[in-house]
Amino acid sequence: MEKTDISSMTRQELAEYLAASGEKKFRAAQLFSWIHGKQATAFDQMSNLPKDFRKRLAQTAELTVPEAVRVQVSKIDGTSKYLFRLADGNVIESVLMHYHHGNSVCISSQVGCAMGCRFCASTIGGCVRSLTAAEMCGQVYRIAQLSGSRVDSVVVMGSGEPFENFENFCRFVEILNDPEGYNLSRRSITVSTCGIVPRIRELADRGTQVTLAVSLHAPNDEIRRKLMPVARRYSVDEILDACRYFFEKTGRRVSFEYSLAAGINDTPACADELAERLKGFPCHVNLIPVNPVRERTIRQSAASDIQAFKRRLEKHGVNVTIRREMGRDIDGACGQLRKSYLDGPGSSEESNKQAEE
Ligand code: SAH
């Protein structure tokens, strides 16, 4: 018999599940608090639950506990990258970053990714499967436990497209936000999408108070299509309309990610066009120097072009920052650690790393 994934249930769902299994309903709050508040990794840790109840749980249900198989700590800024093995043997990666405003964890939402962005390592092997809500929560809990630090914010910006895994993403937010669980405010959760327009609107309709980041990477459809296949599904206009709708519904200012690739999207004309399109919309642009991936031909823009792009946006009154590169020495870009792990010791990145260890 397949065991039930109770770690992916919201508190309400857990209460219904226990009631349907003939258990006492009030046990749901206790069990939820063990799984998500105390982040228990085994039923026998749940000391205030009757032994026979724990035994029944162990027979019918399972806890999701991603296992850390590799941790790399940057010597430059203390950023740590975690490679987790899931119950089915798949591996995913997550990152812990220390900022002056607190500790931030970047999690994956899928094993691999189907979106095919030209500069991204996560998408090279396609999407293997979506993660469960528990596998998303588990990345946060394990990092908190292993690093001994409270996680102050979570960004869903690792491998995968969260809006292609929308229901599990929403359940993840509800669970992480639950006062009986990790109790992380929705405003401390940022989700990054390549621009799946119907899901941006749905998130707005639900009034979910998370921070929305949209990977724009281009001022128009023509350039965007060169970088992102998803640009053939949704136009920049449709994306910006959906973002305006999100702002109207939630009052939350949207962030736009813009990865600068040499000679493709980093010209002064691109900056002017971007500023024109964003005019009057309360938003923030986050410039990301493209992190070169071995398998990709796209190159990082020159530092002087990045600065010039920023100044030009500022001149037009756009709120803009350049993302600080974290963990450059430990496979900083999305999906690189997982990829070098899967490629095995034969890959040059892998042997470099082992030499350093
Ligand atoms: N699928 C989501 C979230 C994952 S990627 C999305 O597309 O937003 C998080 C951000 O990093 C995205 O803006 C993505 O385009 C960007 N990114 C991925 N690989 C990169 C690389 N090698 N260099 C710079 N930015 C990259």
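The values are calculated or read from the model by the stated rules, or taken from the named source; none is laboratory data. Just so it is clear, the model here is predicted, and its values are computed rather than measured. Don't worry about glycine lacking a Cβ; one is built from the backbone with ideal geometry, like all the others, and counts go over all protein chains shown. Side chains included, ligands, DNA and RNA excluded: accessible areas come from the protein's heavy atoms. Shrake-Rupley method; radii C 1.70, N 1.55, O 1.52, S 1.80 Å.
Accessible area of the range 67-354 with a 1.4 Å probe: how many percent of it is carbon plus sulfur? Answer for the range 67-354 is 47 percent, counting heavy atoms of protein chains only. Separation of the range 149-220 and the range 16-43, taken as the distance between their Cα centroids, equals 25 angstrom.
Run lengths n ≥ 4 of DSSP H only: what is the helix-derived mean residue ellipticity at 222 nm for the chain, with -39500 (n - 2.57) per run over all residues, to the nearest 500?
On the way: 12 runs with 126 residues, N = 357.
-10500 deg cm²/dmol, from helical runs alone.
GLU135 exposes around 20 Å² of accessible area when a 1.4 Å probe is run over every protein chain in place. Working from Cα positions, state the angle (0 to 90°, nearest 10) between the long axis of helix 197-206 and the longest principal axis of the chain. Value to nearest ten degrees: 50. Using a probe of 1.4 Å on the protein chains alone, the accessible area found for ASP329 is around 60 Å².
The residues of the range 67-354 expose on average 40 square angstrom of accessible surface per residue, using a 1.4 Å probe on protein heavy atoms.
Ignoring ligands, DNA and RNA, what percent of the accessible area of the range 4-62 is carbon or sulfur (1.4 Å)?
Details: 1530 of 2980 Å².
It is 51 percent, rounded to a whole number.
Relative to the dominant Cα principal axis of the chain, helix 11-20 is inclined by about 40°.
Note on TYR234: accessible area approximately 40 square angstrom, rounded to 10, probe 1.4 Å, nucleic acids and ligands left out. For the chain, calculate the relative contact order in percent as a whole number, restricting contacts to Cα pairs under 8 Å that are 6 or more residues apart. Relative contact order of the chain: 15 percent. In this structure the amide hydrogen of VAL320, modeled in the peptide plane, comes within under 5 Å of the amide hydrogens of VAL285, none closer than 5 places in sequence on its chain.
Per-residue extension of 0.36 nm, minus the Cα-Cα distance of TYR99 and ALA42, leaves a gain of 17.3 nm for this segment. Multiplying the residue separation of LYS25 and ASN319 by 0.36 nm and removing their Cα-Cα distance gives an extension gain of 100.9 nm. Couplings 3J(HN,Hα) for the range 244-257, derived from phi with the Karplus relation 6.51 cos²θ - 1.76 cosθ + 1.60 (θ = phi - 60°), are 5, 4, 4, 5, 4, 6, 10, x, 8, 6, 8, 9, 10, 8 Hz, where x marks Gly and Pro. Which of the lysines could a cross-linker bridge to LYS24, judged by Cα under 25 Å and excluding same-chain residues fewer than eight apart? Result set, ordered by chain and number: LYS3, LYS38, LYS51, LYS55. Distance between the C-alpha centres of the range 232-282 and the range 70-148: 26 Å, rounded to the whole angstrom. Phi angles of the range 300-312 translate, via the Karplus equation with coefficients 6.51, -1.76, 1.60 and θ = phi - 60°, into HN-Hα couplings of 6, 5, 5, 4, 5, 5, 5, 4, 5, 4, 5, 4, 5 Hz per residue; Gly and Pro are given as x.
So, with +1 on the Cβ of K and R and -1 on the Cβ of D and E, and no other charges, what is the size of the charge dipole of the range 67-354 about its Cα centre, to the nearest 20 debye?
Working: 38 positive and 34 negative charges, 82 e Å.
With only Lys, Arg, Asp and Glu charged at Cβ, the dipole is about 400 debye.
Normalised radius of gyration for the chain, please: alpha carbon Rg relative to 2.2 N^0.38 Å, two decimal places. Numbers along the way, then the final one.
Values: Rg = 21.2 Å, N = 357, 2.2 N^0.38 = 20.5 Å.
Scaled against compact globular proteins, the figure is 1.03.
Between ARG294 and ASP52, the FRET efficiency from the beta-carbon distance, with R0 = 51 Å, is close to 0.40. Checking every one of the trypsin sites (Lys or Arg not before Pro) in the range 207-311 against DSSP loop status and a limit of 16 other Cβ atoms within 10 Å picks out ARG233, ARG253, LYS279, ARG294, ARG299. Using a simple spin-label model with pseudo-atoms 7 Å out from Cα toward Cβ, VAL69 and ARG225 lie 4.0 nm apart.
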